[in-house]
Amino acid sequence: MGSDNEESAGPEGMLEQFRKMDIVNYIGVEDFADELSYKWTSCLLTVLCSLVTMKTYFLEPVACFVPTPIGFTVENQLEYVNSYCWTEGTYAVHPVNFSLYADLHDGGVSAYAGDKIVYYQWVPIVLAVQAVLFYLPRLLWNVISYDRAGTDVGHVVRVVRDAARETGERHEKMVNHASRMLHQMMRKNCAKSLRGPDTMRNAFAKAWRALSVAMPAKASGSWLILSYLLIKIVYLTNVLSQLGLMRKFLGIESKRYDFLGAQLLWDISHGRDWQVSKIFPRIGCCAVLVKSAVGANWQFAQCILPVNMINEKIYIFLWFWFVFVSVATVISLATWLFRVCHTSCGNHFVNRMLKLSDNYQETKKNEYVQAFCRTFLRQDGTFVLKMIALNCGDIVCSEIVHRLWTLYRDSKGLDHSQQDLSGVLKLHSCEPRDQGVEWSLRCRRATIADPSSASSSSADESAGERGGCDVFKKATAPPPLPRVVEEAPNKDSLATVVDETEG
C-alpha cells in the first residue's frame with residue numbers, strides 16, 4: 001500500500017495523472033486558433049503563474065540592505081525591512097541618486113513618486129486572472145454549442161474522433177451514432193424553418209435564405225456558425241485587450257514601448273539596461289519609517305529585486321505569444337467569414353467529402369447535392385462537418401457525409417443504385433471480417449431508412465453484381481437496420497443507439 005502511494009506521488013505518477021486528464025488530446029468544436037487561446041495560452045499562463053508564485057511567496061523575491069542598523073538585532077531588522085519594502089514597494093532609482101530628508105514629513109519620497117514600482121507583488125495573481133480570461137470564451141461557446149444547437153455538438157465531434165481510432169463493429173457503431181445525432185439536429189432545425197402556411201413559405205423562401213446569413217436563429221440554419229463567429233470576436237478582443245493592459249499594469253507610459261516585447265528585446269541586445277528604461281529594475285531604493293524613543297525617522301534601504309529578472313523574461317515572451325495568438329485569431333476569423341459569405345465553399349467541401357467516399361460521379365450530375373447543402377445541411381451543418389474534418393480527419397468525415405447524404409437521398413425517394421461506399425473507404429469499412437456477408441451488408445446499408453422497400457433491395461443486388469466488395473455477390477438479404485431514436489441519445493452508452501443483429 002505504501003509503495004503504491006509513493007509511486008503515485010512521484011514524478012511518474014504526476015505525469016500519469018496529467019495524461020489521464022486528456023488536456024493535450026482533448027478536442028471540441030474549435031479550430032487551431034481557438035485551441036491556442038483556451039488550451040495552450042491558459043496552460044502556459046498557469047505554468048508561469050506557478051513559477052512566479054514559488055519565487056514570490058516561497059523563496060526570496062527581494063533582499064534589502066540597511067547601511068545604518070536600527071537597534072541591536074540586525075537579523076530581525078533586515079527581515080522587517082525586507083517585508084516592509086516588499087509590501088510598500090520600491091523606487092526604480094539608483095542608490096546614488098536617492099536621498100531622504102529628515103526635516104520633511106514624508107522624508108522626501110514624494111519626489112520619486114513617478115518611479116515607484118508595486119506591480120511585482122501582483123504578477124502571480126494577474127497571470128492567474130489572465131489564464132481564466134483566456135478560458136472564459138470557451139465556456140461560453142460550450143453553453144451555446146451544447147444547448148442552443150439542438151444537440152451536444154462537442155459530444156458528436158468527440159464520438160467521431162473516437163470512431164477514427166477504432167476499427168470493426170465498434171467503429172461502425174460510433175459513426176452511425178454520430179450520424180444519427182447530426183441528422184436529428186438538422187431535421188429538427190429544418191422542421192422549425194418549415195413551420196407556417198405554404199403560401200408564406202413560397203412567398204418568402206428566397207428572402208429567408210438571403211437573410212439567413214445575418215439571422216442567428218436555429219430555424220435559419222445559421223445560429224451555430226454566427227455564434228461561433230461572435231466567440232471568435234470575443235477571443236480576439238480578449239488577446240488584444242491583454243496586450244494593451246500589459247503596458248498599463250507595468251506602468252509604462254512611454255510611446256517608445258508601444259511594441260513592448262520587441263522594444264525590450266532591442267534594449268537588451270543593445271545594452272540599454274533598466275537604469276535608462278526604468279522597466280523591470282534589478283536594484284531599487286526603499287524608505288522605511290522607523291519610530292524610536294527619540295522620534296520617527298526615515299531609514300534608507302537599498303534593495304535588489306531578483307524576481308524582476310524572471311518577470312522581464314516572462315513578459316517579453318508573453319508579448320510575442322499574444323501577438324502570435326492575435327494574428328492566428330484574425331486569420332481564422334477572416335477565413336470563417338469568407339466561408340459564411342460564400343456558400344460555394346460549403347458546397348465544394350461537401351462535394352469533396354462525397355468524392356472521397358466514391359460518390360463523386362453520382363453527385364457531379366445530381367442537382368440534389370446543392371439542395372442537400374442548402375436546405376438540409378445549411379450553414380450550421382456544413383460548419384459542424386468542417387469541424388469534424390479539422391479535428392478528426394477527412395476519412396471519417398467523409399463517412400459521416402456519406403451517411404447523411406444517404407439518409408437525405410432516401411427521404412427524397414431518389415435513385416441510389418450507384419455504388420455507395422468504396423474507393424478509399426472500402427479499405428476501412430467494406431473489408432470482410434469475421435461476420436462475413438452480414439457485416440459487409442451492414443457497412444453499406446447501415447444508414448438506409450427503409451430496408452424493406454423493393455427499390456432498395458434491387459439496388460443492392462445490382463450493386464453487388466457490379467462489384468464493390470466481393471462478398472456482396474453472396475448476399476441474400478440485408479440485416480435489420482438501426483432504429484432512429486427520437487430522443488437525445490445517451491452519451492454514456494453507445495450500445496443503445498444501434499440495435500445489434502446476429503447472423
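The values are calculated or read from the model by the stated rules, or taken from the named source; none is laboratory data. All values derive from a computational prediction rather than experimental measurement. Here Cβ is always computed from backbone atoms with ideal geometry, including for glycine, and neighbour counts include all displayed protein chains.
Observations on the model:
- The requirement of being within 30 Å of T46 (Cβ to Cβ), at pLDDT 90 or above and of a type in the set (A, V, I, L, M) is fulfilled nowhere in the range 168-178; no residue meets it.
- Within the option set F204, F249, being modelled with pLDDT under 90 and among the hydrophobic types (A, V, I, L, M, F, W, C) holds for one residue only, F204.
- Of all residues in the range 168-187, those that are of a type in the set (K, R), over 17 Å from T382 (Cβ atoms) and surrounded by fewer than 20 Cβ atoms within 10 Å (Cβ to Cβ) total 1.
- Residue within the range 239-252 that is farther than 18 Å from N311 by Cβ and either assigned to a loop (DSSP other than H, G, I, E, B) or in contact with a His (Cβ under 7 Å, 6 or more places away or on another chain) (or both) present: no
- Filter result for C341 (within 27 Å of the chain's Cα centre (by Cα) and touching a residue at least 24 places away in the same chain (Cβ under 8 Å)): yes
- Count of the range 90-131 residues which are closer than 11 Å to G284 by Cβ and either touching a residue at least 40 places away in the same chain (Cβ under 8 Å) or among the hydroxyl-bearing types (S, T, Y) (or both): 11
- For the range 12-41, a residue qualifies if it is of a type in the set (V, I, T), assigned to a loop (DSSP other than H, G, I, E, B) and at pLDDT 60 or above, and the qualifying residues are I27, V29.
- When we screen G251, G346 for residues that are among the small types (G, A, S) and within 30 Å of L78 (Cα to Cα), the only hit is G251.
- One residue from V47, V66, V81 being buried (at least 18 other Cβ atoms within 10 Å of the Cβ) and modelled with pLDDT of 85 or more: V81
- Lone unmet requirement of (1) of a type in the set (G, A, S); (2) outside the structural domain of C397 (by TED's automatic domain parsing); (3) surrounded by 18 or more Cβ atoms within 10 Å (Cβ to Cβ) for A334: (3)
- For the range 25-62, the set of residues classified as touching a Ser or Thr at 6+ places or on another chain (Cβ under 9 Å), within 30 Å of L229 (Cβ to Cβ) and of a type in the set (V, I, T) consists of V29 only.
- Summed over the range 101-142, the residues that are surrounded by 18 or more Cβ atoms within 10 Å (Cβ to Cβ), among the hydrophobic types (A, V, I, L, M, F, W, C) and part of a loop (DSSP other than H, G, I, E, B) give a count of 0.
- Matching entry among S254, S277, S241, S269 (being in contact (Cβ under 8 Å) with a residue 12 or more places away in the chain and small (G, A, S)): S277
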